[in-house]
Amino acid sequence: MKIEIAHLPHDIIEIIYPSEVTPKDVTEYVEQLKKDITARGGAEWSALVDQSKLRVMPASVVGEMARLNAYAQQRGMKRSARVVSDPGSGLQAWRMTKNAGLTIPAKTFETRSEALSWLEAPDAD
């Protein structure tokens with residue numbers, strides 16, 4: 001199953017992970033997301049990353065995801081919200097954010113609606 005990318009109102013790009021990802025899925029996702037980011041022409045945007053179905057990101061792709069986050073921040077990503085299903089997934093998401101060197105606001109949520117509300121109200125920090 002592939003990683004889904006959707007463009008939402010309020011300049012939000014939503015990424016939905018399936019329960020399992022392969023290196024091929026990740027490669028295709030990274031290529032597509034970079035194209036989508038480039039097409040924005042440097043305009044600011046926020047990321048809504050739903051990892052609730054993906055319990056653990058395979059170790060073989062964690063580094064690539066950290067690099068993608070750094071790339072995204074350099075090209076307009078101004079906030080990042082992750083939806084996770086358990087504390088272990090949340091810890092992995094936090095480590096990835098740290099490894100990417102993100103300086104933007106980044107939070108982890110238990111539900112998509114909470115994450116979306118936070119992204120839509122940037123003054124709520």
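The values are calculated or read from the model by the stated rules, or taken from the named source; none is laboratory data. Because the structure is a prediction, the values reported are computed rather than measured. Cβ atoms come from the backbone with ideal geometry, glycine included; neighbour counts cover every protein chain shown.
Worth a mention:
- Only a single item in (1) in contact (Cβ under 8 Å) with a residue 24 or more places away in the chain; (2) touching a strand residue (DSSP E or B) at 6+ places or on another chain (Cβ under 7 Å); (3) not aliphatic (A, V, I, L, M) is not met by Ser60, and it is number (2).
- Residue tally, condition loosely packed, with under 14 Cβ neighbours inside 10 Å and either on the phi < 0 side of the Ramachandran plot or touching a residue at least 60 places away in the same chain (Cβ under 8 Å) (or both), over region 37-52: 4
- Taking first residues from region 67-85 that are within 15 Å of Ala115 (Cα to Cα) and partners that are hydrophobic (A, V, I, L, M, F, W, C) and in a helix (DSSP H, G or I), the Cβ contacts under 6 Å between residues at least 6 apart in sequence or on separate chains come to Arg79/Leu119; Ala81/Ala115; Ala81/Trp118; Ala81/Leu119; Arg82/Ala93; Val83/Ala115; Val84/Ala93.
- Test: residue in region 38-58 that is over 22 Å from Arg95 (Cα atoms), of a type in the set (Val, Ile, Thr) and within 13 Å of the chain's Cα centre (by Cα): no
- Checking each residue in region 12-26 for being modelled with pLDDT under 95 and either more than 15 Å from the chain's Cα centre (by Cα) or not β-branched (Val, Ile, Thr) (or both) picks out Tyr17, Pro18, Ser19, Glu20, Thr22, Pro23, Lys24, Asp25.
- Subset of region 16-32 (residues that are crowded, with 17+ Cβ neighbours inside 10 Å, among the β-branched types (Val, Ile, Thr) and either within 17 Å of Asn69 (Cα to Cα) or touching a Cys at 6+ places or on another chain (Cβ under 7 Å) (or both)): Ile16, Val26, Val30
- Filter result for Arg55 (touching a residue at least 12 places away in the same chain (Cβ under 8 Å) and closer than 21 Å to Leu119 by Cα): no
- Complete set of residues in region 82-112 that are farther than 12 Å from Ser52 by Cβ and either of a type in the set (S, T, N, Q) or at pLDDT 85 or above (or both): Gln92, Thr97, Asn99, Thr103, Ile104, Pro105, Ala106, Lys107
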